[in-house]
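Please read the structure below before turning to the comments.
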Amino acid sequence: ANQLPAPRRRPVLAEFGAQFANMFAVVLIVAAGITFVAYAFSTPRDSANLVLAIGILGVVLLNAVIGFAQEHAAERTAEALQALVPATARVIRDGELTEIPAVDLVPGDLVMLDAGDAISADCRLIDAHDLLVEMAALTGESRPTPRICDAVPQAQGADARNCVFMGTSVVNGSGRAVVFATGLATEFGRIYRLTAEMPSEDSPLQREVTVMARRVAAVAIAAGMGLFAIRALASNDVVGSFVFALGVMVALVPEGLPATMSVSLAVAVRRM
């Protein structure tokens, strides 16, 4: 069949759980745990610490929900873009012009091309009249490129000017072309396969946030330990010094940053 396989998707629970695995989420969860420990050790117990611990966990949960929703929104956007591609092709079979589902295209089919047509397979042109093709999806070239039906020596892949390719579209002229590759055997399919095989990597923003979270955690721990030692030696109140140090450590963690960043990115993505 002339189609690309559906991308593999992680289970919904795995996608949601991954939102808690980033460094900042871990720092906030630890901060919530420290705050709860401070609440448990303080005498008398300060309910504000308990409220703060619950609030921090709420921020982590809110951030996870926003991130999870954004990933699914991106998937739905990709599906919507795929729906814009025509699902049919006009071919000559048994001497007659016929419109068939693009998924049924096979090598050897004679495809008719006119302005506005989306190209659903890799084809070799045998006839072209002022043919211009939009190649942006395949090569990134923003300007339409002319196509010819003459032989092109030593041309391979998308550089062959006598070929048209899956994922591109006709913006001017007309022509006829013979299908020579479909599905994953096309140039578009090759890029799709390479993309699917690439391991997922953090974006530059995610890497910067991870580095910042580590620095914040290191500063918070160092400040907490130092203040605990100073106060414990000065007052001989180990429990009070411990609670005080925990409070300083939690205060140094910017609990609102992940949620603010997620909302900002969500707004930006929606505008795009």
Just the residues that are closer than 18 Å to residue 156 by Cβ and in contact with a strand residue (DSSP E or B) (Cβ under 6 Å, 6 or more places away or on another chain), please, taken from segment 113-139. 121, 122, 123, 124, 125, 133, 135
Does at least one position in segment 9-19 carry a residue that is surrounded by 12 or more Cβ atoms within 10 Å (Cβ to Cβ), within 18 Å of the chain's Cα centre (by Cα), closer than 30 Å to residue 190 by Cα and not hydrophobic (A, V, I, L, M, F, W, C)? yes
Filter segment 158-176 for residues that are farther than 20 Å from residue 108 by Cβ and open to solvent by less than 30 Å² (accessible area, probe 1.4 Å); the one that is modelled with the lowest pLDDT is 158
Pairs returned, first residue in segment 247-272 that is in contact (Cβ under 8 Å) with a residue 40 or more places away in the chain, second residue that is among the aromatic types (Phe, Trp, Tyr), beta-carbon separation under 7 angstrom, 6 or more apart or interchain, are 258/24
Give me the residue from segment 30-47 that is open to solvent by 70 Å² or more (accessible area, probe 1.4 Å) and of a type in the set (A, V, I, L, M, F, W, C) and, out of that set, farthest from residue 66 (Cα to Cα). 41
Just checking, does segment 121-135 include any residue being in contact (Cβ under 8 Å) with a residue 60 or more places away in the chain and open to solvent by less than 40 Å² (accessible area, probe 1.4 Å)? yes
Considering each residue of segment 56-72, count those that are over 21 Å from the mean Cα position of the chain (by Cα) and open to solvent by 40 Å² or more (accessible area, probe 1.4 Å), and give that number. 1
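The values are calculated or read from the model by the stated rules, or taken from the named source; none is laboratory data. Bear in mind the structure is a predicted one, so any value in this text is a computation, not a measurement. Every residue, glycine as well, gets a Cβ built from its backbone with ideal geometry; the counts of neighbours run over all protein chains shown. What goes into the accessible areas is simple: the full protein's heavy atoms, side chains included, and nothing from ligands, DNA or RNA. Shrake-Rupley method; radii C 1.70, N 1.55, O 1.52, S 1.80 Å.
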